[in-house]
Amino acid sequence: MSASRIDRCFEALRQQDRAALVTFVTAGYPDYQHSAEILKGLPEAGADIIELGMPFTDPMADGAPIQLASQRALAGGHNTIKTLQMVREFREHNQHTPIVLMGYYNPIYCYGVERFLDDAAASGVDGMIVVDLPPEHDNELCVPAREAGIHFIRLATPTTDAARLPGVLVNTSGFLYYVSSTGVTGSAAPTAEKVEKELARIREHTNLPVAVGFGIRTAPQAERIARFADAVVVGSALVECIANADTEAQGRDDVLSLTRELSAAVREARTTLNVS
Amino acid sequence: MSTATTLRQGPDVNGFFGHFGGRFVAETLMPLVLELQKEYARARNSKDFIDEMDALRRDFVGRKSPLYLAERLTEQLGGAKVYLKREDLLHTGAHKINNCLGQILLAKRMGKTRIIAETGAGMHGVATATVAARFGMECVVYMGSVDIHRQQPNVQRMRLLGAKVIPVTSGAGTLKDAMNEALRDWVTNVADTFYIIGTVAGPHPYPAMVRDFQSIIGEETREQILEREGRLPDTLVACVGGGSNAMGLFHPFLDDNSVAMVGVEAAGEGLDKRHAASLKGGTPGVLHGNRTFLLQSADGQIQDAHSISAGLDYPGIGPEHAWLNDIGRVSYAAITDDEALEAFHTLCRIEGIIPALETAHAIAYVMKVAPTLPQDHLIVINLSGRGDKDMSTVLAAMDASAENAEKDAGKDVKGEA
Ligand SMILES: Cc1ncc(COP(=O)(O)O)c(C=O)c1O
């Protein structure tokens, strides 16, 4: 079943003793066609899991690069229906790479929770991260999503203390996303040493794979985090490739080549460690 | 049949007023919001907190504010008797200071040293900058670039008071975008920063907390009208942006069934064109931490509001209003830019009071309905703020209409020729 794609992915990587590379891109950015081409090219470039951003007018937890990408996508006529269509088209060629939708609650709420979950599951969506739905509101979407066979992946942050963590984990499945810094996407990352310590703290509470994200931009940074994390998430740096390119085609190619670099680094991480 | 129910108990433990409200925020902010809720619950029962607030309300803010019988307005309208609750006479010129004072005292209790705020008209920004100066705290105010342009005097005032005003250019550059940016600041600076939200919106406990701090308006009004008229008013009227001045006036009267209440939204260019009337023209959705009525597309994308008044130029409304509308306890009306401008001029000329453009929406509504009501009908308008900040907007509108009048006159001449 589609919901187990994430579990199978982490199981396979555990056997290879390496971390997953999770790439975030905004659906519909720079336009539908190039966004779909990026999606299609990511697995071959080395992405193990794809987070697909659902554009929203008011992305309160995002920094400038992802805000801009969302605005551009929406201005180009992108919407929730088209995001799901993009996933459906991707699944025609790819049955194994997990896709996690990431976004804000309002577009899902307006689409209708039940209808959204039906359509997402049918399109081949494996999981969801909804930034503004804390565990206090699990009945809104998290519980129905799990019933529909879609993982609900929760964020844990530096402000999620030991008292709160179990509550955050209760309905989380697939993996846990550790946001390594307070702040919006695209802000600077703390030192790897600090993140490693935090991760140890979190692992005392869960056996779920833990992904680390926020502020990871380069291959060396990804390599460092991949030594101890179960997955490394890169988002703003990829989205910026598109913003900085002269053409849409160039942007697409730059996203895929950065993904290749990141993938190589993630694959190297623990072998380097074993040698040294 | 008598029932013991009260409409004044909300929200529930999760911050819901009926279906509306809640705490829809990112995980990073959740522990902060919960801590604030705990600390507020403690503070509101603390004698020290209450005493300090009372003293500052009296000596720093200038409470209580008068309840003023608008004799000439009443006479001109020829119907209901119109009272004005003079929040415009408070320090900083609007009701916003009531809330800022409460929140800065909380910030102090919680050991926070840095204050952030969003502002539309700039009245909340000025009030926040004022209390931050008074308590020696750093202050950063986010303000949309469009609003910075149309509310220049308030931008200058904030700077004089030592606040840093950060222009926000994302979106339409108005209040909603300023609030996004303030939330981004808060999620980044979690340790030392207190976010003073300026209206009855945001995640729980803000809607309830801001309402409580503003309820002094309704409490005083009740006392004053009983003293003057020996009975409760028949109708309360207030403008609604996020809805804090309206909640402050309405809340103490919610269980008095004889008292009707009307919240006045901004109809902008008209409800079929660009406007800011989320209840009259919106649908339920989730934004800025709560579920409420929003101006949005079918895809759940938030639309830009429009109002001549920066303080009403917001595509949402506080969740308690959404609920009060739902259960029919409060009714809501909408007033256009043009109607508000006309009411603005009327109050200037016949009462000698320059109201804020926000407030002018409430006055315009009363100018419509008062003539149809009997002379013993008592209306209280919340005169939420003064209009000095709106000079450039009003003068520009006067110039524009003078130009249009000239053009029309020109057309007539040509048509006749
Ligand atoms: C004088 C005045 N009245 C009303 C408002 C609208 O806010 P609220 O609906 O929260 O009272 C503002 C907001 O800036 C204001 O300055």
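The values are calculated or read from the model by the stated rules, or taken from the named source; none is laboratory data. Just so we're clear, the structure is a prediction, and the values are computed from it rather than from any experiment. Quick reminder, even Gly has a Cβ in these numbers, built from the backbone with ideal geometry, and neighbours come from all protein chains shown.
Got at least one residue in region B:265-273 being within 16 Å of the ligand (Cβ to nearest atom), in a strand (DSSP E or B), under 29 Å from A:V113 (Cβ atoms) and within 14 Å of chain A (Cβ to nearest Cβ)? No, the conditions are met nowhere in region B:265-273. For residues in region B:12-61 being among the β-branched types (V, I, T) and surrounded by 17 or more Cβ atoms within 10 Å (Cβ to Cβ), which is farthest from the chain's Cα centre (by Cα)? Per the stated criteria, the residue is B:T28. For region B:220-252, residues that are within 16 Å of the ligand (Cβ to nearest atom) and hydroxyl-bearing (S, T, Y) total 2. Scanning region B:82-125 for residues that are within 9 Å of the ligand (Cβ to nearest atom) and aliphatic (A, V, I, L, M) yields B:A94, B:A121, B:M123. Selection of region A:80-96 for residues being touching a residue at least 40 places away in the same chain (Cβ under 8 Å), touching a Gly at 6+ places or on another chain (Cβ under 8 Å) and within 13 Å of chain B (Cβ to nearest Cβ) yields A:K82, A:T83.
Taken over region B:156-181, the criterion of being away from chain A (no Cβ under 14 Å) and of a type in the set (G, A, S) is satisfied by B:G162, B:A163. Among residues of region B:386-403 that are over 20 Å from B:M123 (Cα atoms), those with a Cβ under 9 angstrom from a residue that is within 16 Å of the ligand (Cβ to nearest atom) and part of a helix (DSSP H, G or I), sequence gap 6+ or separate chain, pair up as B:A396/B:R150; B:A397/B:D337; B:A397/B:L341; B:M398/B:L341; B:S401/B:L341.
Looking at region B:179-194, is at least one residue within 16 Å of the ligand (Cβ to nearest atom) and under 30 Å from A:A189 (Cα atoms)? Within region B:179-194 (the criterion being within 16 Å of the ligand (Cβ to nearest atom) and under 30 Å from A:A189 (Cα atoms)), the answer is yes, since at least one residue qualifies.
Could you tell me whether B:D338 is away from the ligand (no atom under 16 Å from the Cβ) and modelled with pLDDT under 95? In short, no. Filtering region A:60-79 down to residues that are part of a helix (DSSP H, G or I) and more than 10 Å from chain B (Cβ to nearest Cβ), which residue is farthest from A:I108 (Cα to Cα)? Filtering first and then ranking leaves A:P65. Within region A:82-98, can one find any residue that is under 28 Å from B:E181 (Cα atoms), crowded, with 18+ Cβ neighbours inside 10 Å and among the polar types (S, T, N, Q)? Yes; the residues of region A:82-98 include at least one that is under 28 Å from B:E181 (Cα atoms), crowded, with 18+ Cβ neighbours inside 10 Å and among the polar types (S, T, N, Q). Is there a residue in region B:21-30 that is in a helix (DSSP H, G or I) and at pLDDT 95 or above? Yes, because at least one residue in region B:21-30 is in a helix (DSSP H, G or I) and at pLDDT 95 or above. Evaluation of A:C110 against the conditions (1) within 23 Å of A:L169 (Cα to Cα); (2) facing chain B (nearest Cβ under 10 Å) shows that the sole unmet condition is (1).
Among the residues of region B:346-371, those that are more than 14 Å from B:V237 (Cβ to Cβ), away from the ligand (no atom under 16 Å from the Cβ) and out of contact with any helix residue (DSSP H, G or I) (no Cβ under 8 Å at 6 or more places or on another chain) comprise B:R349, B:G352. Considering region A:149-168, and only residues there that are surrounded by fewer than 19 Cβ atoms within 10 Å (Cβ to Cβ) and more than 10 Å from every other protein chain (Cβ to nearest Cβ), the residue that is modelled with the lowest pLDDT turns out to be A:A162. Among the residues here, B:A201 does not qualify as over 30 Å from B:I379 (Cβ atoms), buried (at least 24 other Cβ atoms within 10 Å of the Cβ) and either of a type outside the set (V, I, T) or within 16 Å of the ligand (Cβ to nearest atom) (or both). Restricting attention to region B:204-219, the residues that are touching a His at 6+ places or on another chain (Cβ under 7 Å) and away from the ligand (no atom under 14 Å from the Cβ) add up to 0. Filtered by the rule that a residue be within 14 Å of another protein chain (Cβ to nearest Cβ) and in a strand (DSSP E or B), region B:182-236 gives B:T193, B:Y195.
To keep it simple, each residue is scored yes or no on (1) surrounded by 22 or more Cβ atoms within 10 Å (Cβ to Cβ); (2) in a helix (DSSP H, G or I); (3) in contact with a Gly (Cβ under 8 Å, 6 or more places away or on another chain).
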residue	(1), (2), (3)
A:T23	yes, no, yes
A:E37	no, yes, no
A:D58	yes, no, yes
A:P107	yes, yes, yes
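At least 3 residues being out of contact with any Pro (no Cβ under 7 Å at 6 or more places or on another chain), over 22 Å from B:T199 (Cβ atoms) and touching a residue at least 24 places away in the same chain (Cβ under 8 Å) is the threshold, and among the helices (runs of 4 or more DSSP H) wholly inside region B:40-150 those reaching it are B:71-77. Is it fair to say B:L183 is crowded, with 24+ Cβ neighbours inside 10 Å, out of contact with any helix residue (DSSP H, G or I) (no Cβ under 9 Å at 6 or more places or on another chain) and closer than 21 Å to B:P315 by Cβ? Spelling it out, B:L183 is indeed crowded, with 24+ Cβ neighbours inside 10 Å, out of contact with any helix residue (DSSP H, G or I) (no Cβ under 9 Å at 6 or more places or on another chain) and closer than 21 Å to B:P315 by Cβ. For region A:190-201, does any single residue satisfy the condition of being in a loop (DSSP other than H, G, I, E, B) and buried (at least 22 other Cβ atoms within 10 Å of the Cβ)? No; the residues of region A:190-201 include none that is in a loop (DSSP other than H, G, I, E, B) and buried (at least 22 other Cβ atoms within 10 Å of the Cβ). Only one of the numbered conditions (1) touching a residue at least 24 places away in the same chain (Cβ under 8 Å); (2) hydroxyl-bearing (S, T, Y); (3) closer than 14 Å to A:I99 by Cβ is not met by A:Y32, and that is (3). Residues in region B:21-40 include at least one that is within 14 Å of chain A (Cβ to nearest Cβ), under 18 Å from B:R211 (Cα atoms) and touching a Phe, Trp or Tyr at 6+ places or on another chain (Cβ under 7 Å). Before we move on, is A:M54 more than 19 Å from A:A237 (Cβ to Cβ) and over 14 Å from the mean Cα position of the chain (by Cα)? When the stated conditions are applied, A:M54 does not pass them.
For region A:200-215, a tally of residues being of a type outside the set (D, E, K, R), within 19 Å of A:G167 (Cβ to Cβ) and under 20 Å from the mean Cα position of the chain (by Cα) returns 5.
Looking at this structure, is A:A47 in a helix (DSSP H, G or I) and touching a residue at least 24 places away in the same chain (Cβ under 8 Å)? So A:A47 does not fit the description; no.
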